[in-house]
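Nothing in this text is a laboratory measurement; each read-out follows from the coordinates by a stated rule. Predicted model, so just to flag it, every value in this text is computed and none were measured. In this analysis, Cβ positions are derived from the backbone assuming ideal geometry, glycine residues included, and neighbour counts consider all displayed protein chains.
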Amino acid sequence: PLVLAIETSCDETAAAIVDGSGQLVSDVVASQIDFHARFGGVVPEIASRKHIEAICGVADECLDVAAARIGVPRLRWRDLSAVSVTYAPGLVGALVVGVAFAKGAAWAADLPFIGVNHLEGHIYANKIATPDIEPPLVVSLVSGGHTMLVHVKAWGDYETLGSTLDDAVGEAFDKVAKAMGLGYPGGPIISKLAVEGDPGAIDFPRAMLHSGDLRFSLSGLKTAVITYLRNEEAAGREVNKADVAASFQQAVIDVQIAKAEMALKLTGAKEFCLGGGVAANPALRAAYGVMCERLGVRLTLPPMSACTDNAGMIALVALDRYREQKFFGLDADAQAHVNLDEPY
Ligand code: ATP
Ligand code: MG
Ligand code: FE
C-alpha cells in the first residue's frame, strides 16, 4: 500500500507518503517560521492562511517526489491506498485546512480517510529510523505545546503517566529566548548558545524534582530566568548569555531525566523514546544516553529532522491504522484537544 499523510497542526505545512514496508518514499515540509518569527511566536490566523496557500503545492510535490522515488512517471491520487491527516491536537484553524484538504482528496479519489493524533505521530517519529522498537516502552513527549511521560503499552494503547501543570518545555525555551532577546524559535538558539556556557554557573530551580510524581512545572523556571536577567541588569552587571542558556537548559534536563527514570522504574519498561521538537536538543539527547546506559534501557531517538513537526511521522501511524482498517468518516472534524489515552 501507499498511504499519504497531511500535517497542518501548527506552522508546518507537510505531506508524506509511506509504503507497505514502512519506508517513507516522500516527506515534504514547508515551514512558515519566517512569517511568525517577527511576532515572536506562531500567530494562528497567519498559520491558517499560509497553510491554505501552501497545501496544494506541498501535496503535488509530495506525489512527484514519491513517483521519482518509486520509479514511475507519475503518481496520481487514485494510485494511493488511503489519505490521512492530523486531526488533533493543535491550532484548530490550522488543523481545519489539512482536514478539509485531506477529506476532499479522499472523497474525490474514493480512498479511505484516516485521522491521526499529532502526539501519536511524535511517538511514531522514533520508528522512522528504528522500525523495530516494540512496546511496552516509555516515551517522553517534549514539544512546543506538550510535556508528558507516556506509557506505550501497545501501539495505539497509551497511558499518560504525568504532564506539565503549566508551560511546555519548548514553550519555556521559546519564552526564555524571547526574554533574552534571542529570537524565535528559542529552542535551537538556546541549545547552540548553551554549548559555550557553564551549566553550573547559575542555580536555577528544579521545580517538582522531589514531588514524588510524574508531573512537571516550567513556568517558575522561566520566571526565575527573567528575574535573574532583571536583577543583573539593575545591578549594572553584564549577563553572560551562554551561561544563562546552559544553566537554564541544565535545570530543564535534570528534572526531565529524574522523572523519566521514575517512569521507567514504575512501568518496568526496558525501552525509552523521545518525541517532539525539544527531542532535537543535543544536551537532552546526550543526558538520556547516559541515563539509559546506566539503567540498561534501550534508548531510541527520532532523527533530528523528524523531531519537529512533519508528515512522515503521521504517515507511519496511518499505515498501522490502514492495516487495521480503522477509518474515519468524512464527517470527522479537527479538534484542538484530544486525550492520547482515549481508545482510538
Ligand atoms: P505540539 O507538538 O505540542 O503540538 P508543536 O508541534 O508546536 O507542539 P514541535 O514542532 O513538536 O511543537 O516543537 C517545536 C518546539 O521545539 C519549539 O518550542 C522549539 O523551541 C523546540 N525546539 C526545537 N529545537 C530545539 C532544541 N534544539 N532545543 C530545545 N527546544 C527545541
Ligand atoms: Mg512547529
Ligand atoms: Fe508537534
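Only one of the numbered conditions (1) without any contact (Cβ under 8 Å) to a residue 40 or more places away in the chain; (2) not in a helix (DSSP H, G or I) is not met by Lys50, and that is (2).
Can you find even one residue in region 159-176 that is in contact with a helix residue (DSSP H, G or I) (Cβ under 9 Å, 6 or more places away or on another chain), farther than 24 Å from His118 by Cα and buried (at least 16 other Cβ atoms within 10 Å of the Cβ)? Yes, region 159-176 has at least one match. For region 214-230, taking the residues that are touching a helix residue (DSSP H, G or I) at 6+ places or on another chain (Cβ under 6 Å) and assigned to a loop (DSSP other than H, G, I, E, B), the one that is nearest to Ala283 (Cα to Cα) is identified as Leu218. Out of the residues in region 57-88 meeting the condition of being of a type in the set (Val, Ile, Thr) and in contact (Cβ under 8 Å) with a residue 40 or more places away in the chain, tell me which one is surrounded by the fewest Cβ atoms within 10 Å (Cβ to Cβ). Applying the filter and picking the extreme gives Ile70.
Scanning region 13-31 for residues that are surrounded by fewer than 22 Cβ atoms within 10 Å (Cβ to Cβ) and either near ligand 2 (Cβ under 10 Å from one of its atoms) or within 15 Å of Arg49 (Cα to Cα) (or both) returns Val29, Ala30, Ser31.
Helices (runs of 4 or more DSSP H) wholly in region 231-344 with at least 1 residues that are away from ligand 3 (no atom under 16 Å from the Cβ) and more than 30 Å from Val28 (Cβ to Cβ) - which ones?
Details: elements: 241-267, 282-295, 312-323.
Because the criterion is at least 1 residues that are away from ligand 3 (no atom under 16 Å from the Cβ) and more than 30 Å from Val28 (Cβ to Cβ), the helices (runs of 4 or more DSSP H) in region 231-344 that meet it are 241-267, 282-295.
Restricting region 118-134 to residues that are in contact (Cβ under 8 Å) with a residue 40 or more places away in the chain and surrounded by fewer than 24 Cβ atoms within 10 Å (Cβ to Cβ) leaves a set whose member that is farthest from ligand 1 (Cβ to nearest atom) is Glu134.
Does region 26-45 contain any residue that is basic (Lys, Arg), part of a helix (DSSP H, G or I) and more than 26 Å from His337 (Cβ to Cβ)? Even if it seems obvious, please write down each step before you answer.
Restricting attention to region 26-45, the residues satisfying the condition of being basic (Lys, Arg) are 38.
Among the residues that remain, those that are also part of a helix (DSSP H, G or I) are: none.
No, region 26-45 contains no residue that is basic (Lys, Arg), part of a helix (DSSP H, G or I) and more than 26 Å from His337 (Cβ to Cβ).
Within region 182-194, being without any contact (Cβ under 8 Å) to a residue 60 or more places away in the chain and in a loop (DSSP other than H, G, I, E, B) holds for one residue alone: Leu182.
Just one of (1) within 20 Å of Cys56 (Cβ to Cβ); (2) out of contact with any helix residue (DSSP H, G or I) (no Cβ under 9 Å at 6 or more places or on another chain); (3) buried (at least 24 other Cβ atoms within 10 Å of the Cβ) fails for Trp107. It is (3). As a summary of the residue check, Val142 satisfies the conditions (1) within 16 Å of ligand 2 (Cβ to nearest atom); (2) in contact with a Ser or Thr (Cβ under 8 Å, 6 or more places away or on another chain) except for the one numbered (2). Does region 197-213 include one or more residues that are part of a helix (DSSP H, G or I) and farther than 30 Å from Leu319 by Cα? Within region 197-213, not a single residue is part of a helix (DSSP H, G or I) and farther than 30 Å from Leu319 by Cα.
Does Ala207 qualify as being of a type in the set (A, V, I, L, M) and farther than 25 Å from Ala260 by Cα?
On the way: of a type in the set (A, V, I, L, M): yes; farther than 25 Å from Ala260 by Cα: no.
Here the answer is no, as Ala207 does not meet what is asked.
Pairing residues of region 89-117 that are touching a residue at least 12 places away in the same chain (Cβ under 8 Å) with residues that are among the acidic types (Asp, Glu) and assigned to a strand (DSSP E or B), at Cβ distances under 8 Å and at least 6 apart in sequence or on separate chains, gives Gly98/Glu7. When Leu266 is tested against (1) crowded, with 19+ Cβ neighbours inside 10 Å; (2) out of contact with any Gly (no Cβ under 6 Å at 6 or more places or on another chain), just one condition goes unmet, and that condition is (1).
Just name the residue that is nearest to Leu141 (Cα to Cα) out of those in region 274-307 that are of a type in the set (Val, Ile, Thr) and either away from ligand 2 (no atom under 16 Å from the Cβ) or out of contact with any strand residue (DSSP E or B) (no Cβ under 7 Å at 6 or more places or on another chain) (or both). Only one residue tops the list, namely Thr300. Just a yes or no: is a residue in region 314-331 of a type in the set (S, T, N, Q) and under 18 Å from Ala5 (Cβ atoms)? Within region 314-331 (the criterion being of a type in the set (S, T, N, Q) and under 18 Å from Ala5 (Cβ atoms)), the answer is yes, since at least one residue qualifies. Residue count for region 168-186 under the criterion of being farther than 15 Å from Arg38 by Cα, of a type outside the set (Val, Ile, Thr) and near ligand 1 (Cβ under 8 Å from one of its atoms): the result is 4.
When region 2-25 is examined, which residues are found to be in a strand (DSSP E or B), more than 15 Å from ligand 3 (Cβ to nearest atom) and of a type in the set (Ser, Thr, Tyr)? Of everything in region 2-25, nothing turns out to be in a strand (DSSP E or B), more than 15 Å from ligand 3 (Cβ to nearest atom) and of a type in the set (Ser, Thr, Tyr).
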